[in-house]
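All remarks here apply to the structure that follows.
The values are calculated or read from the model by the stated rules, or taken from the named source; none is laboratory data. The shown structure was predicted, so the numbers you read here are calculated from the model rather than taken from an experiment. Here the Cβ is made from the backbone with ideal geometry for all residues, glycine too, and neighbour counts use every protein chain on show. Accessible surface is based on the protein model in full, side chains and every heavy atom, while ligands, DNA and RNA are left aside. Shrake-Rupley method; radii C 1.70, N 1.55, O 1.52, S 1.80 Å.
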Amino acid sequence: MSHTFHIRASQFAAALTVALASLSQAPAYAFAPCTPTTPKTLEFHNVRSMGTSLKAKHKLGMISSFAEVDGASKRMPVFVDFDHGDLDRTNFTSLQEANCQDENRHFVDTSLSEMTESPPDPPLSKEVWVARLLLLLSAALYGTNFTMVKSLDESLSVGISSTLRFGFAALCMLPWLLAPIDDQLKSIAKEKFERCKSDMSKWEEPTRLAAGLAGMEIGVYNSIGYISQAIGLKTIPANKSAFICSMAVVTVPILDFLFGKVLLKRQVLGACLAAIGVYALEMGGQDASSLSSGDLVSLVQPLMFGLGFWRMEAAMEKYPTEAGRLAAAQLLMVFLVSLSYLICGAPFTDTCEVLPSLTELVAWFHDPSIMGMLVWTGLITTAFTIWMETLALKTLMISIRAAAMSSEHATNNYVDAGANLLDSMYQGIYHGKTRHEPDLDLVLQRSYDSGIRSIISLAGTSNESVELLELISKLDNTDCKEKVKVFGTVGIHPTRCAEEFAERISDGTDDSCEWIPKTEQEQREIIQKLISIANAGKSSGNVVAIGEFGLDYARLHFAPKDIQQIGLRAQLEVATEAKLPLYLHNRESGEDMYSILSEYKERLQFDKDYPGIRGIVHSFDESVDIAKQFMSLGLYIGINGCSLKTSQNLATVKEIPLESIILETDCPWCDIRPTHAGYSHITTTFPSKKEKQYNRDAGREFCVKNRTEPCHVVQVAEVIAGVKMLKVSEVLETCCRNVFHLFGNLDKS
């Protein structure tokens with residue numbers, strides 16, 4: 001049996017336009033063979049929705065190690081072996097002056113910044129390749145469905161053929177529907193509950209029934225789409241129905257928008273292109289009065305299939321390990337609706353269909369042609385393809401989920417709660433050499449353009465505290481409506497404590513020196529100076545914390561333990577007097593830090609509405625046990641690139657509740673590098689130039705390689721989202737609320 005298809009120019013134009021619309025919805029990493037586990041495997045007439053198919057490619061997209069930059073996939077290259085996170089802004093000058101150098105810390109060789117080649121992408125695992133092949137095979141098998149269904153409908157009515165096909169498929173998928181709930185799902189649900197344990201009444205353990213009902217709900221929407229498709233096909237060609245169905249690519253972003261999501265430009269463009277394509281198909285060479293009832297009824301397809309896919313996405317987020325159960329429940333519901341359509345189809349058909357007799361069923365099952373087509377369309381192209389997709393999803397689920405979630409940045413109110421805007425790099429000076437003009441204004445503008453609305457910049461000495469307030473005042477007075485609000489801290493970094501709280505005594509050699517504390521009177525004068533600076537900045541709304549201060553036992557060559565502890569205690573006095581939150585530095589000193597903070601706990605609880613000590617442990621990179629100790633005091637945990645280097649770091653971050661995390665960059669340091677464990681979760685990168693090639697003109701579009709900026713805070717959020725299997729938007733929004741809870745609403749008006 002043969003079928004001849006004739007394609008008009010309007011159809012070709014419509015197809016091309018809708019294809020472009022679908023492609024515009026998906027990032028570059030999604031362009032690989034893939035099929036969804038959702039409506040596309042459950043159709044009455046196999047009228048393939050290109051929009052739904054390619055939208056599914058985006059959501060389930062074949063995951064690779066590429067990151068998207070303005071639509072192009074690229075990797076950020078490795079530039080130097082030196083880890084900027086090992087030295088911060090406050091110590092580089094001192095390191096040069098003191099000529100102190102650890103065997104594991106070397107000055108950066110600026111010649112390395114000339115490297116231009118990107119490292120090769122890490123190879124995909126064998127399991128991922130097998131999963132890809134399964135998805136490719138399922139797509140190829142499903143492509144044979146159209147001819148089979150057309151041939152089957154010439155022998156059986158639509159209602160009977162659909163009922164038998166989906167009945168076979170539902171029967172085969174029944175084991176997935178009845179299988180025990182996955183223990184991994186219980187763990188994921190428990191982890192989410194622990195993050196929201198303040199409201200214990202909302203805890204519900206996931207059940208087979210709940211997941212099954214979610215799938216059946218989706219099956220209802222898809223079934224309505226299939227029925228409208230079947231009715232429409234009575235009067236319009238199948239290829240036209242398929243194009244109309246592609247309008248689902250419009251339905252999904254519209255639903256996203258109505259429920260508060262910010263649409264990407266490519267999504268808006270894709271929706272417009274799809275609408276234009278369908279309009280060209282429908283209205284090409286005719287007027288509105290010539291539209292048939294089939295055209296109008298078929299318009300229900302994209303609404304229902306789009307709604308079904310949208311709800312499937314939500315169900316997969318809630319039940320990430322239950323793809324098989326959700327698909328089985330959909331098939332069961334489609335079978336039930338098909339059966340209902342068979343029995344109650346008289347209002348929609350020319351003749352009333354009745355249940356076939358046993359004799360008819362036996363005759364059909366003995367007909368090799370009919371039985372072969374039923375087996376192929378029901379068991380192979382429906383049930384078997386879904387089984388392969390489910391098997392593939394067991395491998396790809398974590399990557400798929402992380403990639404899909406990482407693509408959404410819903411909020412436009414990010415905060416970088418830890419930057420170093422006084423650093424000489426923003427003046428174009430790198431390791432004592434001038435490389436380009438100052439560009440702090442461009443850095444701040446780029447931050448605003450990327451969604452940053454507030455930045456907290458850190459001070460490392462009393463003089464820097466004054467300098468920072470002067471910079472903030474200058475920025476506040478710039479004539480620009482769209483600008484980032486910058487706030488500051490007042491304090492002395494632990495590695496700078498010796499400069500302010502001690503006197504240096506040398507035995508006359510360059511190799512040895514010791515520090516003795518200044519007198520109590522001198523220390524008190526320093527405390528009063530800091531209090532005065534803090535109160536002045538607090539009254540103007542520019543100072544939000546005391547810091548960066550604390551302990552750093554990894555760099556005792558700058559200041560010994562006893563001097564650092566003197567500085568810590570002195571600045572706790574400042575915080576008590578100024579009644580400001582603590583901005584704490586902790587490196588390899590967690591136990592001592594916790595012990596000293598515990599001594600001051602009652603004195604530091606000056607805010608009756610705030611439980612515990614009000615503060616943040618910045619750039620946290622210690623164990624989860626130390627994190628829990630700090631959190632028990634009421635402190636937040638600051639996470640930046642230096643917190644995400646190793647697999648152990650990621651395991652620690654996973655255990656820290658999102659409600660206790662604050663995002664920061666510690667820029668221009670602490671970039672997330674390809675050698676770091678967290679790098680694989682990054683999906684947002686920024687075009688950059690080498691420092692020698694960078695200038696102010698380039699600075700309007702490019703960052704400086706290896707120099708972190710506040711806009712990179714989204715990368716920190718993406719790593720946390722990937723580790724915790726959350727949406728990036730959820731991470732950004734929750735961490736912003738944490739910032740406002742700690743520092744206030746960061747509003748200078």
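Somewhere in region 582-599, is a residue of a type in the set (A, V, I, L, M) and not in a helix (DSSP H, G or I)?
There is at least one residue in region 582-599 that is of a type in the set (A, V, I, L, M) and not in a helix (DSSP H, G or I).
Since Asp747 meets every condition but one in (1) surrounded by 24 or more Cβ atoms within 10 Å (Cβ to Cβ); (2) modelled with pLDDT under 90, which condition does it not meet?
Tallying (1) surrounded by 24 or more Cβ atoms within 10 Å (Cβ to Cβ); (2) modelled with pLDDT under 90, Asp747 fails exactly one: (1).
Look at Ile637 and say whether it is β-branched (Val, Ile, Thr), crowded, with 20+ Cβ neighbours inside 10 Å and touching a residue at least 40 places away in the same chain (Cβ under 8 Å).
Here the answer is no, as Ile637 does not meet what is asked.
Would you tally the residues in region 185-206 being exposed (fewer than 12 other Cβ atoms within 10 Å of the Cβ) and either within 25 Å of Leu331 (Cα to Cα) or modelled with pLDDT of 85 or more (or both)?
1
Show me the helices (runs of 4 or more DSSP H) entirely contained within region 272-373 in which 3 or more residues are at pLDDT 70 or above and among the polar types (S, T, N, Q).
323-343
Can you name every residue in region 647-656 that is among the polar types (S, T, N, Q) and in contact with a Gly (Cβ under 9 Å, 6 or more places away or on another chain)?
Selection gives Asn649 alone.
From Lys483, Lys529, which residue is of a type in the set (D, E, K, R) and in a loop (DSSP other than H, G, I, E, B)?
Working: Lys529 fails: in a loop (DSSP other than H, G, I, E, B).
Exactly one of Lys483, Lys529 is of a type in the set (D, E, K, R) and in a loop (DSSP other than H, G, I, E, B), namely Lys483.
Restricting region 718-736 to residues that are open to solvent by 20 Å² or more (accessible area, probe 1.4 Å) and of a type in the set (Asp, Glu), which is farthest from Gly678 (Cα to Cα)?
The residue in question is Glu733.
What pairs can you find where one residue is in region 726-749 and free of Cβ contacts under 8 Å to residues at least 12 places away in the same chain, the other is open to solvent by 60 Å² or more (accessible area, probe 1.4 Å) and part of a helix (DSSP H, G or I), and their Cβ atoms are less than 9 Å apart, with a gap of 6+ or different chains?
Correct list of pairs: Arg737/Glu659.
Consider only pairs whose beta carbons are under 6 Å apart and that are at least six residues apart or on different chains; among these, list those whose first residue lies in region 700-711 and is farther than 15 Å from Thr684 by Cα and whose second residue is modelled with pLDDT of 95 or more and surrounded by 23 or more Cβ atoms within 10 Å (Cβ to Cβ).
Arg707/Met425; Arg707/Pro668
State all residues of region 608-631 that are part of a loop (DSSP other than H, G, I, E, B) and in contact (Cβ under 8 Å) with a residue 24 or more places away in the chain; if no residue qualifies, say none.
If the condition is that a residue be part of a loop (DSSP other than H, G, I, E, B) and in contact (Cβ under 8 Å) with a residue 24 or more places away in the chain, then Tyr610, Ile613, Arg614, Ser619, Phe620, Asp621, Glu622, Ser623 are the ones that fit.
Hey, can you tell me all the residues within region 462-500 that are hydroxyl-bearing (Ser, Thr, Tyr) and open to solvent by 10 Å² or more (accessible area, probe 1.4 Å)?
Listed by number, the residues that qualify are Ser473, Thr478.
For a quick check of your reading of the model, give me the residue pairs whose first member lies in region 588-607 and is at positive phi, whose second is in a helix (DSSP H, G or I) and among the hydroxyl-bearing types (Ser, Thr, Tyr), with beta-carbon atoms closer than 7 Å and at least 6 apart or on different chains.
Glu588/Tyr553
Among the residues of region 593-609, count how many are surrounded by 15 or more Cβ atoms within 10 Å (Cβ to Cβ) and hydroxyl-bearing (Ser, Thr, Tyr). Please lay out each step first, then the result.
Kept after step one, since they are surrounded by 15 or more Cβ atoms within 10 Å (Cβ to Cβ), are these residues of region 593-609: 593-594, 596-597, 600, 604-606.
Checking which are hydroxyl-bearing (Ser, Thr, Tyr) leaves us with 594, 600.
Residues flagged as surrounded by 15 or more Cβ atoms within 10 Å (Cβ to Cβ) and hydroxyl-bearing (Ser, Thr, Tyr) within region 593-609 amount to 2.
Condition first: farther than 20 Å from Thr495 by Cα and free of Cβ contacts under 8 Å to residues at least 40 places away in the same chain. Now tell me which residues in region 526-554 satisfy that.
Gln528, Ser532, Ser539
I'd like the full set of residues that are farther than 22 Å from Ile531 by Cβ and either in a helix (DSSP H, G or I) or out of contact with any strand residue (DSSP E or B) (no Cβ under 7 Å at 6 or more places or on another chain) (or both), limited to region 557-572.
Passing the criteria: His557, Phe558, Lys561, Asp562.
Here is a list of conditions, (1) buried (at least 16 other Cβ atoms within 10 Å of the Cβ); (2) within 25 Å of Val486 (Cβ to Cβ), and Ala536 meets all of them except one; can you say which number that is?
(1)
Confirm whether Val739 is part of a helix (DSSP H, G or I), open to solvent by less than 10 Å² (accessible area, probe 1.4 Å) and touching a strand residue (DSSP E or B) at 6+ places or on another chain (Cβ under 7 Å). So that I can check it myself, show each step before the final result.
Values: part of a helix (DSSP H, G or I): yes; open to solvent by less than 10 Å² (accessible area, probe 1.4 Å): yes; touching a strand residue (DSSP E or B) at 6+ places or on another chain (Cβ under 7 Å): yes.
So Val739 passes the test.
Please count how many residues of region 674-699 are in contact with a Lys or Arg (Cβ under 8 Å, 6 or more places away or on another chain) and charged (D, E, K, R).
Count: 4.
Answer with yes or no whether Ala570 is of a type in the set (Gly, Ala, Ser) and under 36 Å from the mean Cα position of the chain (by Cα).
No; evaluated as a whole, the condition is false for this residue.
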